[in-house]
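Each reported figure results from applying straightforward, stated rules to the coordinates on display, with no laboratory input. Keep in mind that this is a model prediction, so the values were computed, not measured. As a convention, Cβ positions derive from the backbone with ideal geometry for all residues, glycine included, and neighbour counts pool all protein chains shown.
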Amino acid sequence: MSVSIIEKIIPADNPNRPGGNYQKSYITIHETGNRDAGADAAAHANYLYNGANGETGYHYTVDDHEIYHHIPDNEKAWHAGDGGNGTGNLHSIGVELCVNAGGDFEQTKKNAAWLAAKLMRDNGIPLSNVVQHNHWSGKNCPQTIRESGTWDAFLAMCQAEYDGGQPAPAPSGDAYTVQAGDCLSAIGQKLGMDWRDIAAINGITEPYTIYAGQVLMLSGGQPEPAPQPVTGYKVGDHVVFSTCYRSSTAPIEEHLTASQMLRSHGVITRIAEGTRNPYLLDNGLCWVNSGDIRGLYPG
Ligand SMILES: [Zn+2]
């Protein structure tokens, strides 16, 4: 999936473009809070460009059909509410989601997840540093996502986009898309089915590992194929990783960031087949998948 990004960079002398050059280590998700019809990304782009909202600014606005870019990613912007030296204002990229009447908010979230994955890749930002505006200032933002309890699902969409996968299809009558935090027994209870039947239909055996974004079939038919082993790297490659896992089958939500590890690089010492995170680094440092690898270690 790909969404067009329209560059409409705010003039450099606007008060809502304070400038500077900062490394970005977070992505902050907001909602505009403007439910008027027509309050889409283009409207917000004009508003920001004209300096109509004083000093407040941020980097991107996303709606259900396009994305506007207002401030270069490396510059600071007053959007996080954590002060003039705040990590949110200085070191996070602000992304606003439109909530305009008549807009398709589900599509807006998908577009925002695509953008977040792009920004994660471009800046080496782990999923654990994709945060709500609420994280910095306590404000109830992004309000709709917070109040509908869909933040974890949104993060799973970001990770799916980051991994290069297509967003999981919506649940239909005979399929269910695993949400972050789900386990088979909870899904069975939710759907009124015996979880052992769901496991059998989908060829899932002990230890019954499932992962967010996986599509489970609920009646006979073709089971979801297992994740394909990734073959882009080989044993002996010295790679740099952004996130990693304790096991080859650990689900997305159990990822560890590189900063939690002894180091952020290692040599591939084994490749497991048919697992989610096929590459073992340094005989046990951690497991990674191709989406976690940022490239070969320099030198
Ligand atoms: Zn906000």
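Summary table
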quantity: Residue-span extension gain [Thr144 to Ala37] - 0.36 nm each, minus C-alpha spacing; calculated: 36.9 nm
quantity: Relative contact order, percent, the range 238-296 [alpha-carbon distance under 8 Å, six or more residues apart]; calculated: 43
quantity: Burial ranking of peptide ranges 262-270, 91-99, 122-130 (average Cβ count within 10 Å, highest at the top); calculated: 91-99, 122-130, 262-270
quantity: Residue order, fewest to most surrounding Cβ atoms within 10 angstrom, among Phe241, Phe105, Phe154; calculated: Phe105, Phe154, Phe241
quantity: Mean ellipticity per residue at 222 nm, deg cm²/dmol - from DSSP H runs of n ≥ 4 across the chain, formula -39500 (n - 2.57); calculated: -6500 deg cm²/dmol
quantity: Sequence of Tyr58, Tyr279 once ranked by neighbouring C-beta atoms within 10 Å, starting from the fewest; calculated: Tyr58, Tyr279
quantity: Residues Ile145, Ile6 arranged by fewest to most Cβ contacts within 10 Å; calculated: Ile6, Ile145
quantity: Nonlocal Lys pairs with alpha-carbon distance under 28 Å, the chain (8 or more apart, or different chains); calculated: 23
quantity: Nearest-0.05 FRET efficiency for Arg121 and Asn46, computed from C-beta distance (R0 30 Å); calculated: 0.55
quantity: Cysteines without a disulfide-compatible neighbour (Cβ-Cβ under 4.7 Å), the chain; calculated: Cys98, Cys141, Cys158, Cys183
quantity: Extension gain (nm, one decimal) between Asp282 and Ser259, 0.36 nm per residue minus Cα-Cα; calculated: 6.6 nm
quantity: For the range 192-219 versus the range 108-143, the gap between their alpha-carbon centres in whole angstrom; calculated: 30
